[in-house]
1. Could you look through the stretch A:94-137, keep only residues that are of a type in the set (A, V, I, L, M, F, W, C) and closer than 16 Å to A:Leu201 by Cβ, and pick out the one that is surrounded by the fewest Cβ atoms within 10 Å (Cβ to Cβ)?
2. Assuming A:Glu234 fulfils every condition listed in (1) touching a strand residue (DSSP E or B) at 6+ places or on another chain (Cβ under 8 Å); (2) in contact (Cβ under 8 Å) with a residue 40 or more places away in the chain; (3) more than 24 Å from A:Glu281 (Cα to Cα) apart from one, which condition is it?
3. Between A:Thr150, A:Thr187, A:Thr193, which is among the hydroxyl-bearing types (Ser, Thr, Tyr), farther than 24 Å from A:Val90 by Cβ and touching a residue at least 24 places away in the same chain (Cβ under 8 Å)?
4. Would you be able to tell me the number of residues in the stretch A:47-98 that are within 22 Å of A:Lys285 (Cβ to Cβ), of a type in the set (Gly, Ala, Ser) and not in a loop (DSSP other than H, G, I, E, B)?
5. Which one of the conditions (1) crowded, with 18+ Cβ neighbours inside 10 Å; (2) outside the structural domain of A:Pro137 (by TED's automatic domain parsing); (3) not in a loop (DSSP other than H, G, I, E, B) does A:Lys177 fail to meet, given that it meets all the rest?
6. Take the residues in the stretch B:95-138 that are touching a residue at least 40 places away in the same chain (Cβ under 8 Å) and in contact with a strand residue (DSSP E or B) (Cβ under 9 Å, 6 or more places away or on another chain); name whichever of them is farthest from B:Pro79 (Cα to Cα).
7. Taking the stretch B:22-52 only, how many residues are surrounded by fewer than 14 Cβ atoms within 10 Å (Cβ to Cβ), part of a helix (DSSP H, G or I) and within 14 Å of another protein chain (Cβ to nearest Cβ)?
8. Determine whether A:Gly209 is within 14 Å of A:Val279 (Cβ to Cβ) and within 17 Å of the chain's Cα centre (by Cα).
Amino acid sequence: MLISRLLRVLAVLFAVIMVAAWWMTRPQTIAATDLPDHQPDPAGGERVFWAGGCASCHASPVNGKRAKGDDKLLLGGGLELDTPYGVFRVPNISPHVDDGIGGWTSVDFVNAMQRGVSPDGRHYYPSFPYTSYARMPAEDVMDLKAFLDTLPPVSGRIEAHSLGFPWSVRRGIGAWKRRYLVEEPMTFGVSPTLVERGRLLVEGAGHCGECHTPRDRFGGMLRERWLAGAPNPEGKGRVPNITPGGENISEWSAADIAYYLESGFTPEFDTVGGSMVAVQENMAKLSAEDRAAIAAYLRALPVLD
Amino acid sequence: MSYLKTRSLIATVALTFTSPLIAGDDPLHERHELMEGVGDAAKPIGQMLKGEQDFDAAVVMTSLKTFDEAAAQFGELFPPGSETGEGTEAAPAIWEDRAGFDKALATWSDAVDAAIAANPQTVEETKTVAGPVFNACKGCHDDYRIEDE
């Protein structure tokens, strides 16, 4: 009698917890009416495209190598990211109506970029760095969509990710987002205009922290170690500390940083290497002012060892 | 074990132990030194382009000549058998795609020749001719150099 009552209470409790968990992990989106009143500008979107390095992941590899030159504008996806969580396959974001994102509305795109939610209401995995893009001005995101719409459509759908348990439970990303999807700046007290412009580029579109910041065991960024270097997500070695306390960069001037992003050469005249090659090539397409802003922001960061 | 195999084994062992001692017979060491020299020569040009150093056309030409000499020697310093060792950053692609590597090297060499022929006398002229030279450095490193760990 007592036991059956206890079981009933437990069953109800379990149901309540499940419903609560379902509710807590629901994808949360922005309504079309909440978008700023902004006429999307493809030219502004091209700046965001290079700052964000969209092509570094989304351009289809050519003969197994990363795309170069104009091939960077063919965003058919297909690159595989082999990570400790499993294999992520980068999707087609070309303006192809069926296989890419050609059929998306502006608000679909903003929700993908800044909330990590697909048009059909599912969570994206944070291998797509929306945790950074959440810090972008929404106008920039709308401009980016306008630019992407000018690129050639590429046909072909990319296979789904192959992830291990528990990462394979997509709904769980909702809980992850509650903790790690934050729009607030990573750094504070960066009021001068140039530094703030750099902050938006580095913390937002540029998503530099995705590789340069270490993560906790759930894959969330450690805010207190912002840009202080991390294990290479692609395997061997480390991604360097780029705060003014970084081993090599501590010797660099802001002009050195800007020149490195423009030319790919360090002050010692070694060339950029590894995954940073593609990033640097994108940064080279920004304006000199944008690169100076990034350098000013990096110099203004707290010194971390 | 056949006689030939034994002999090649002995030769390999002998080379392994003696080659670092003979300066003229150590491609790994030589190419490393040559590359360091190229980096040192690139530095003043870069500093002039950055405005950190006063422009000096003679220094630019000296650096370009250094590149030219290095470009002439470089191709011979990656013989089969020198794939690994001494912390080399040479990528296996050099030996797997020798034609591609030679082409990348020729791109650099041609850019250097063009820069020398242009004989730049201002920062702007230097920037124009140094662009393809520096891009050739990067292009080759991108495909034929591995990252140190």
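1. So the first thing to find is which residues in the stretch A:94-137 are of a type in the set (A, V, I, L, M, F, W, C), and the list is A:97, A:101, A:104, A:107, A:109-110, A:112-113, A:117, A:128, A:134, A:136.
Applying the additional criterion that residues be closer than 16 Å to A:Leu201 by Cβ yields A:113, A:134, A:136.
Details: A:Met113: 26, A:Ala134: 19, A:Met136: 25.
Looking at residues that are of a type in the set (A, V, I, L, M, F, W, C) and closer than 16 Å to A:Leu201 by Cβ, I get A:Ala134.
2. If we test A:Glu234 against (1) touching a strand residue (DSSP E or B) at 6+ places or on another chain (Cβ under 8 Å); (2) in contact (Cβ under 8 Å) with a residue 40 or more places away in the chain; (3) more than 24 Å from A:Glu281 (Cα to Cα), just (3) comes out false.
3. Working: A:Thr150 fails: farther than 24 Å from A:Val90 by Cβ; A:Thr193 fails: touching a residue at least 24 places away in the same chain (Cβ under 8 Å).
Answer to the check: A:Thr187.
4. Our first condition is that a residue be within 22 Å of A:Lys285 (Cβ to Cβ); within the stretch A:47-98, this holds for A:47-62, A:65-77, A:79, A:90, A:93-95.
Next, from what is left, pick out any that are of a type in the set (Gly, Ala, Ser): A:51-53, A:55-56, A:59-60, A:67, A:69, A:76-77, A:94.
If we keep only those that are not in a loop (DSSP other than H, G, I, E, B) as well, we get A:51-52, A:55-56, A:69.
Qualifying residue count for the region: 5.
5. Checking A:Lys177 against (1) crowded, with 18+ Cβ neighbours inside 10 Å; (2) outside the structural domain of A:Pro137 (by TED's automatic domain parsing); (3) not in a loop (DSSP other than H, G, I, E, B), the one that fails is (2).
6. My answer is B:Phe134.
7. Looking only at that region, the number is 2.
8. Working: within 14 Å of A:Val279 (Cβ to Cβ): yes; within 17 Å of the chain's Cα centre (by Cα): yes.
Criteria met by A:Gly209.
The values are calculated or read from the model by the stated rules, or taken from the named source; none is laboratory data. Everything quoted here is computed from the prediction, not taken from an experiment. In this analysis, Cβ positions are derived from the backbone assuming ideal geometry, glycine residues included, and neighbour counts consider all displayed protein chains.
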